[in-house]
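Report on one structure; see the data block that follows.
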Amino acid sequence: MTPKSLSRKPVSVLFVCLGNICRSPLAEGIFSSLSEARGLSLRFQVDSAGTGGYHAGEAPDPRALAVARAHGVALNSVARRVKRRDMDHPGIVVAMDRSNLRSLERLGGRRSRVRLVLMRDFDPIGPGADVPDPYYGGPGGFQEVYEILDRSCRGLLDDLAGRNG
Ligand code: 4NP
């Protein structure tokens, strides 16, 4: 690593879904685990939040914890609602579906400084699609969401590592 890359500020990466107990905690855990495996963890400050506040203060859903654990990924998030300030600094905000994306556009307004993207724009299978909400389904839905997020987070990490040298 060069002295320049050591002194660079970490890039903020915020994953956002509706409740912040299923999809975005999984994305946060998977992205953190992948960046650590590639020796890039100091380059990113990773977090997650929800557009709704109903589950604020809660740990991830037990089904999300179980599927993550089965893949050797730890989830450490505590649910919180996304804030206007999250859209006010340079960094990337990654929405799980189009409904989340619209809420974030409204929250940020025109002067938002973040790069706002859709998670599956980085999925080689199905770019532009939504990450399905697994909350009301069975455990099979969580495995499917895990696989979508794993592919998408690899694509996102490639994109961010390429942009920032
Ligand atoms: P998430 O899933 O947005 O992936 O965290 C949900 C969690 C809770 C609810 C909906 C979706 N809910 O309606 O309480």
message: Given a 1.4 angstrom probe, what's the average accessible area per residue across the range 1-138, in square angstrom?
response: 53 Å²
message: Within 10 Å of each candidate Cβ there may be at most 15 other Cβ atoms; applying that plus a DSSP loop requirement, which chymotrypsin sites (Phe, Trp or Tyr not before Pro) in the range 89-165 survive?
response: Tyr136
- prompt: Percent of accessible area on the chain owned by carbon and sulfur, 1.4 Å probe?
  reply: 52 percent
- prompt: Per the helix-only calculation at 222 nm, which mean residue ellipticity applies to the chain, given -39500 (n - 2.57) for every DSSP H run of n ≥ 4 and division by its residues, nearest 500 deg cm²/dmol?
  reply: -12500 deg cm²/dmol
- line: Summed over the other residues with a beta carbon less than 10 angstrom from that of Asp86, with K and R at +1 and D and E at -1, the charge totals +3
statement: One finds the C-alpha centres of the range 6-54 and the range 65-132 to be spaced, in Å, by 9 Å
message: Can you tell me the length gained on complete extension of the stretch Glu58 to Gln143, counting 0.36 nm per residue apart and subtracting the Cα distance?
response: 28.5 nm
- prompt: With each pseudo-label sitting 7 Å past Cα toward Cβ, what's the Glu36-Arg111 distance in nm, one decimal?
  reply: 3.9 nm
message: Given Cα positions, please report Rg to Rh for the range 1-96, the hydrodynamic radius being the Kirkwood one.
response: 1.01
Separation of the Lys9 and Ser99 label points, Cα + 7 Å toward Cβ, nm: 3.4 nm
query: If you add up the charges near Arg23, with Lys and Arg at +1 and Asp and Glu at -1, over every other residue whose beta carbon is less than 9 angstrom from its beta carbon, what do you get?
result: -2
message: How would the range 93-165 be classified by its alpha-carbon gyration tensor: rounded, prolate or oblate, with rounded meaning a/c under 1.5 and the a/b versus b/c comparison settling the rest?
response: oblate
For the chain: relative contact order, % (alpha-carbon pairs under 8 angstrom, 6 or more apart): 24 percent
- prompt: How much of the DSSP beta bridge set in the range 1-92 is antiparallel, as a percent to the nearest 5?
  reply: 0 percent
field: Sequence-distant residues sharing a close amide H with Ser12 (under 5 Å, placed H)
entry: Gln45, Ile92
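The values are calculated or read from the model by the stated rules, or taken from the named source; none is laboratory data. Here the structure is a predicted model, which is why all the values come from computation and not from measurement. Backbone-built Cβ (ideal geometry, glycine too); neighbour counts: all protein chains shown. Accessible surface areas use protein heavy atoms only, side chains included; no ligands, DNA or RNA. Shrake-Rupley method; radii C 1.70, N 1.55, O 1.52, S 1.80 Å.
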